[in-house]
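Asker: Dropping a structure here in structure tokens format, bear with me for questions.
The values are calculated or read from the model by the stated rules, or taken from the named source; none is laboratory data. Bear in mind that the values here come from a model prediction, so they are computed numbers and not experimental data. Positions of Cβ are generated from backbone atoms using ideal geometry, with glycine treated the same way; all protein chains shown enter the neighbour counts. Ligands, DNA and RNA are excluded from the accessible area calculation, which covers all protein heavy atoms including side chains. Shrake-Rupley method; radii C 1.70, N 1.55, O 1.52, S 1.80 Å.
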Amino acid sequence: SAVISQKPSRDICQRGTSLTIQCQVDSQVTMMFWYRQQPGQSLTLIATANQGSEATYESGFVIDKFPISRPNLTFSTLTVSNMSPEDSSIYLCSVALPGQATYEQYFGPGTRLTVT
Amino acid sequence: GNSVTQMEGPVTLSEEAFLTINCTYTATGYPSLFWYVQYPGEGLQLLLKATKADDKGSNKGFEATYRKETTSFHLEKGSVQVSDSAVYFCALSERGANNLFFGTGTRLTVIP
């Protein structure tokens, strides 16, 4: 398994501003991901954070809105840019590690963002 | 496409009651199936998994069997405890892919 920490744990931000969320893992991992969990809804994958190259974004998510950095194998950041109330969500990072017969994903505690 | 349909909650049970949370899936290939649990104030934790048809995943008294014929992966526990109160998520990933598709989550509350 992996121990994953996120900063900040929560924040309240004004619309039009940006917030950068940090994700730190206690070991080197190749695959790291960012998810969004909107109120009362399930988790949706935003992007895969690739070390040394641009992130790979899922349909409906773009780099200008959610820029991601992955400077090394233990750290990544997600920025939520030009925020609006619709961006109020829990943002989670995860890592995938090889398990028995399949990869297993381990999640950070999440960052609860409220945009006013 | 891939999707997961999960029993809607919330579910409230008395301690020692039997639990079933239904989960069905749609997948284009042969997915791996997972149950994650999110305790209050904590992140998601992998509870159990199954990687092929008829596999049974189990952990902490919870079980789920991968049923290809009914495309289901229902979560069961014979006797729930107050400490089992949490949100439970069913999820799948395609073989060779890392993207997890999640159900909407089911909130379980166990009362003494």
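Asker: Just grab the label-to-label distance for A:V3 and A:I63, each label 7 Å out from Cα along the Cβ direction, in nm (one decimal).
Answerer: 3.5 nm
Asker: Rounded to a whole number of µm²/s, how large is the Stokes-Einstein D of chain B at 25 °C and 0.890 mPa s, given Rh as the Kirkwood radius over C-alpha pairs?
Answerer: The calculation lands on 176 µm²/s.
Asker: Using a Debye calculation, one point per C-alpha and no hydration shell, please list log10 I(q)/I(0) for the protein assembly as shown at q = 0.10, 0.11, 0.14, 0.15 Å⁻¹ in order.
Answerer: After summing over all Cα pairs, the log10 values are -0.46, -0.55, -0.89, -1.01.
Asker: A further question follows. Do me a favour and compute the ellipsoid semi-axes for region A:1-56 from its Cα gyration tensor, root of five times each eigenvalue, largest one first, whole Å.
Answerer: Ellipsoid half-lengths, sorted descending, are 22, 14, 14 Å.
Asker: Given the protein chains as shown and a 1.4 Å probe, how many square angstrom of B:D54 are accessible, to the nearest 10?
Answerer: 100 Å²
Asker: Report the local net charge at B:G61: Lys and Arg +1, Asp and Glu -1, summed over other residues whose C-beta lies under 12 Å from its C-beta.
Answerer: Net charge in that neighbourhood comes out at -2.
Asker: Using a 1.4 Å probe, how large is the accessible area of A:D26, given in Å² and rounded to the nearest 10?
Answerer: Approximately 100 Å² for this residue.
Asker: I've got another one for you. Near the amide H of B:G9, under 5 Å away, which other amide H atoms are found, from residues 5 or more places off or on another chain, if H is placed in the peptide plane?
Answerer: B:R107
Asker: Right, another one. Using the Karplus equation 6.51 cos²θ - 1.76 cosθ + 1.60 (θ = phi - 60°), what ³J(HN,Hα) coupling, rounded to whole Hz, does each residue of region B:39-50 give in order, writing x for Gly and Pro?
Answerer: Going residue by residue, I get 6, x, x, 10, x, 6, 10, 5, 8, 6, 8, 8 Hz, with x marking Gly and Pro.
Asker: A further question follows. Under Stokes-Einstein, with the Kirkwood radius over Cα pairs standing in for Rh, what whole-number D in µm²/s applies to chain A at 10 °C and 1.306 mPa s?
Answerer: Here the translational diffusion coefficient equals 112 µm²/s.
Asker: While we're looking at this one, here's another question. At 1.4 Å probe radius, can you tell me the per residue accessible area of region B:32-112 in Å²?
Answerer: 42 Å²
Asker: Find out how many positive minus negative residues lie around B:Q38, taking Lys and Arg as positive, Asp and Glu as negative, among other residues whose Cβ is under 14 Å from that of B:Q38.
Answerer: 0
Asker: How far is it, in nm, from the label point at B:E76 to the one at B:S3 when both lie 7 Å from their Cα along the line to the Cβ?
Answerer: About 2.7 nm separates the two model spin labels.
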